[in-house]
Each structure stands twice: as structure tokens, then as C-alpha cells.
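Working notes, structure below.
The values are calculated or read from the model by the stated rules, or taken from the named source; none is laboratory data. Note that the coordinates shown come from a computational prediction; the quantities given were computed from them, not determined experimentally. Positions of Cβ are backbone-derived with ideal geometry, glycine not excepted, and every protein chain shown enters the neighbour counts. The protein model used for the area step is the full one, side chains on, heavy atoms only, and it has no ligands, DNA or RNA in it. Shrake-Rupley method; radii C 1.70, N 1.55, O 1.52, S 1.80 Å.
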Amino acid sequence: MNLYTNILRPLVFSGLRADPEAVHQQLVRACGQIEAWGEKGQWLRRLCGSQYQYCAPQLSQNLWGLSFPNPLGLAPGFDKDGLASSFWQELGFGFVEVGTVTWQAQGGNPKPRLFRLPADLAGLNRMGFNNLGAEVMAQTLAQSAERGLRAIPLGINLGKSKVTPLEQAVEDYVQSFQGLQPWGDYFVVNVSSPNTPGLRTLQSRSQLEPILAELQAINSLHKPLLIKVAPDLAWDELDEILELAQAYQLAGIIATNTTLSRHGLKTQVLPPTQEPVETAAGGISGAPLRQKSTEMIRYIYRHTGGTLPIIGVGGVFNAAQAWEKICAGASLIQVYTGWVYEGPGMVKAILQGLEQYLGDQAWADVIGKDAKELPKS
């Protein structure tokens, strides 16, 4: 019997009626505190590692000059301020992406703003990039680096401050990148969240190009720079982003962010607020996003001839779903909602499954092997 899915998850989701965001914040803070607990913290880290880590050398990859012990990472939004950046490896992750962080500290959108949709194995969030700001994150990551505990790559997801006008977005991203450049192993330009007014308009060529141009111009440490796209783009809109990604020598692309689509959802109202899901603000994550995310991964791989590495995210709950995204063209996989539903044992289970799927094959032979051209609409 799975203790988490059969006992703990129902208790937290329904029995205790706890606010999802409050539970989330308590978990991240606790994980962050373990790092500073000295010998006691080391004992807890070893205990977690013995339970949840899975060593499979054949699952390791080298990408962008970084060594990934396995292809499964924790997606941004979970550890928004990098409070526990060195702890996630103890739960089996091969890399972690923190943020989304903005130049200005901001409280985010009004609460409640994080909802679970169990009937759909989904989540709805309208957090609004709540975070302590880039300067505080830089201090946090610097302190963590001094302890020297992190052994996996760290990505930093950059967003635009809500108070910054769209016409000043370039400067906003630049300021965050400048302050954080020493502390991230790779960086992601997030212009695809649906929860900051107007942000997704930055995916257009005219607004995205100056952001990418300026970030690469100040990229003195030559950090890999990626872009995260929305699943709701039309194919021709995605084509323009891919052209810019190649023109400005981006290191890769992340597909995808949450979706505004409500197609096929079983949940009709958000339990705490009784809002109709159809009209409720926020992006949907989890199982409903799985197919569209994989379609976009396959399309990107096919369109670029596999020259632009892809981090695939959206609806991964098990090894078969992770493998499907890898075969569609993803070099790395991120999870968030699936991990919330399946619990900390999910990472080890997925890695064991991927090891079996991979067998004696090389990563170069399986990444994108099922990619097929998709019709444009």
C-alpha cells in the first residue's frame, strides 16, 4: 500500500481541509531549515536520501556543460525563493529550477490562489509570481553555496515584476539576471505565465527579441539561457519564438507552462470559492496538460531538427508518461503537480521505470525517436 496516496494525501487534501498554499509554504520552509541545522540536518538529509534517491548512472546526461545525474527535475513555482535549493537532491531529483523570481519583491495575487482539482488530477494556480525579489534570492543562494551541499544543477526562472510596465520589461529581466547570474547554472526567461497581466504578449517577436538580445549581450558568464513557452500558442506563433531562440543562440526551450484551456475538465467549481472553473482566473497544470505539452515537444523537436534541447513539463505522473515526452524530443523532464499527487516516492519510481525503458540504448538514440510532424492549425 502506498502510504502517501492512500492515507496522507486524502488526509491533507480533504480531511484536514488545509489551504494548499499554506501546506506548500510550510514544506518548503522546513526543507530549507534542514540545510542550516548542522549535524542534525545532515542526518535528516541522509535519511531522506536513503529513502528517495535512486542511483542509475545510465540515466545521467551532460547538457550545456552541466552534469545531470538523472533527467527528472523539480519545476519552478515549488521553491519560489530558492530556500531549499540544496535539499531537493535528497528527494531524488536530478536538477531543480527555482523561482519564478522578479526584480521587485511582490506579494502576488489575492488569496486563495492555489487550488487542487482531484477529479482531474490537476491544479489551478493564479499565484502571480509572489516572491521576495531577485536581490533576496541572490543572498539566499550565496549563503547556500557557502555550505557547499548542492550537487545537482540549479536553474533560475526569471519573470517580469507586475509593477513594471511592459515597455520596460527588458530592464526588469536584465536587472534580475545581472544580480543572479553567478548563482544559477542555467536561466529561463518566463514570458508565458497567465497570471501576470500582459505577460504573454511578451512572447511576440517584437517584444521578445529585445529581451533576448539584451540578456545575451550581458551574459558575461555564458550561462545557458532558455525560454519557457505557453501551451496555448498557435503553431505560427511558436515558429517565431523558435526562430528567435536559434537566432540568439538560446540553450533550449521549456515546453510548457500552464494552460488557460478548460477543455474536458470534470471539476465544475472551485471548492473554496464556488467559482465556476470555466471562468476562474488561473492556469491549469497536471494531467489535462499532458497531451498538449507532448504535442508541442514533438513539434519543437521536429521543427528544429533536434538542435534545440527541450525540457518537457506537463502532466507527468509516472515513468511511461516521462518516457513518452523523452521519445517526443525532451532531453530533461520536470514535475510539479504529479509530485504533489503521487508523493515523494514518485521520483524514485519514475527513475526505476526510465532505467528499464532505456535498457542498453543510448540517450542520443531515444530522445525524439517518435517525433512526427504535426499539422499547423
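Condition check ((1) over 29 Å from residue 132 (Cα atoms); (2) crowded, with 16+ Cβ neighbours inside 10 Å; (3) modelled with pLDDT of 90 or more) across all residues:
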| position | (1), (2), (3) |
| --- | --- |
| 12 | no, yes, no |
| 36 | no, no, no |
| 58 | yes, no, yes |
| 74 | no, yes, yes |
| 82 | no, yes, yes |
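Out of 333, 284, 311, 241, report the one residue that is more than 26 Å from residue 87 (Cβ to Cβ) and assigned to a strand (DSSP E or B).
On inspection, the qualifying residue turns out to be 284.
Say whether the condition of being free of Cβ contacts under 8 Å to residues at least 24 places away in the same chain and out of contact with any Cys (no Cβ under 9 Å at 6 or more places or on another chain) is met by at least one residue in the stretch 226-237.
So far as the stretch 226-237 goes, no, none of its residues is free of Cβ contacts under 8 Å to residues at least 24 places away in the same chain and out of contact with any Cys (no Cβ under 9 Å at 6 or more places or on another chain).
So, residue 214, is that one in contact (Cβ under 8 Å) with a residue 12 or more places away in the chain and either more than 18 Å from the chain's Cα centre (by Cα) or open to solvent by 60 Å² or more (accessible area, probe 1.4 Å) (or both) or not?
For residue 214, the condition - in contact (Cβ under 8 Å) with a residue 12 or more places away in the chain and either more than 18 Å from the chain's Cα centre (by Cα) or open to solvent by 60 Å² or more (accessible area, probe 1.4 Å) (or both) - is met.
Scanning for something of a type in the set (A, V, I, L, M, F, W, C), assigned to a loop (DSSP other than H, G, I, E, B) and at pLDDT below 95, does the stretch 245-254 turn up at least one residue?
No.
Matching residues to (1) part of a loop (DSSP other than H, G, I, E, B); (2) more than 28 Å from residue 223 (Cβ to Cβ); (3) in contact (Cβ under 8 Å) with a residue 24 or more places away in the chain:
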position: 23; (1), (2), (3): no, yes, no
position: 26; (1), (2), (3): no, yes, no
position: 31; (1), (2), (3): no, no, yes
position: 34; (1), (2), (3): no, no, yes
position: 39; (1), (2), (3): no, yes, no
position: 43; (1), (2), (3): no, yes, no
position: 58; (1), (2), (3): no, no, yes
position: 67; (1), (2), (3): no, no, yes
position: 70; (1), (2), (3): yes, no, yes
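With the condition kept exactly as written, say whether any residue in the stretch 261-279 is touching a Ser or Thr at 6+ places or on another chain (Cβ under 6 Å) and either open to solvent by 10 Å² or more (accessible area, probe 1.4 Å) or over 26 Å from residue 118 (Cα atoms) (or both).
For the stretch 261-279, residues touching a Ser or Thr at 6+ places or on another chain (Cβ under 6 Å) and either open to solvent by 10 Å² or more (accessible area, probe 1.4 Å) or over 26 Å from residue 118 (Cα atoms) (or both): absent.
Within the group 152, 218, which residue is within 30 Å of residue 59 (Cα to Cα) and out of contact with any Pro (no Cβ under 6 Å at 6 or more places or on another chain)?
Criteria check complete, one pass: 152.
Under 7 Å by Cβ, and 6 or more places apart or on different chains, what pairs join a residue from the stretch 267-283 that is among the charged types (D, E, K, R) with one that is surrounded by 14 or more Cβ atoms within 10 Å (Cβ to Cβ)?
From residues that are among the charged types (D, E, K, R), the pairs are 278/262.
Is it true that residue 162 is without any contact (Cβ under 8 Å) to a residue 60 or more places away in the chain, of a type in the set (Lys, Arg) and more than 30 Å from residue 366 (Cβ to Cβ)?
No: the conditions fail for residue 162.
Kindly evaluate residue 150 against the criterion of being open to solvent by 40 Å² or more (accessible area, probe 1.4 Å), in a loop (DSSP other than H, G, I, E, B) and of a type in the set (D, E, K, R).
yes
Restricting attention to the stretch 45-56, which residues are in a helix (DSSP H, G or I) and among the small types (Gly, Ala, Ser)?
Within the stretch 45-56, 49, 50 qualify.
Is it true that some residue in the stretch 194-214 is at pLDDT 95 or above and part of a loop (DSSP other than H, G, I, E, B)?
no
Quick one: how many residues across the stretch 156-172 are part of a helix (DSSP H, G or I) and open to solvent by less than 10 Å² (accessible area, probe 1.4 Å)?
Final tally of qualifying residues: 2.
Of these, 360, 370, which one is assigned to a loop (DSSP other than H, G, I, E, B), farther than 22 Å from residue 233 by Cβ, open to solvent by 50 Å² or more (accessible area, probe 1.4 Å) and not basic (Lys, Arg)?
Unique residue meeting the criteria: 360.
Among the numbered criteria (1) closer than 24 Å to residue 93 by Cα; (2) of a type in the set (Val, Ile, Thr); (3) open to solvent by 10 Å² or more (accessible area, probe 1.4 Å), which one does residue 297 miss?
(3)
Given the conditions (1) surrounded by fewer than 20 Cβ atoms within 10 Å (Cβ to Cβ); (2) in contact (Cβ under 8 Å) with a residue 24 or more places away in the chain, and given that residue 311 satisfies all but one, which numbered condition is not satisfied?
Among (1) surrounded by fewer than 20 Cβ atoms within 10 Å (Cβ to Cβ); (2) in contact (Cβ under 8 Å) with a residue 24 or more places away in the chain, the lone unmet condition for residue 311 is (1).
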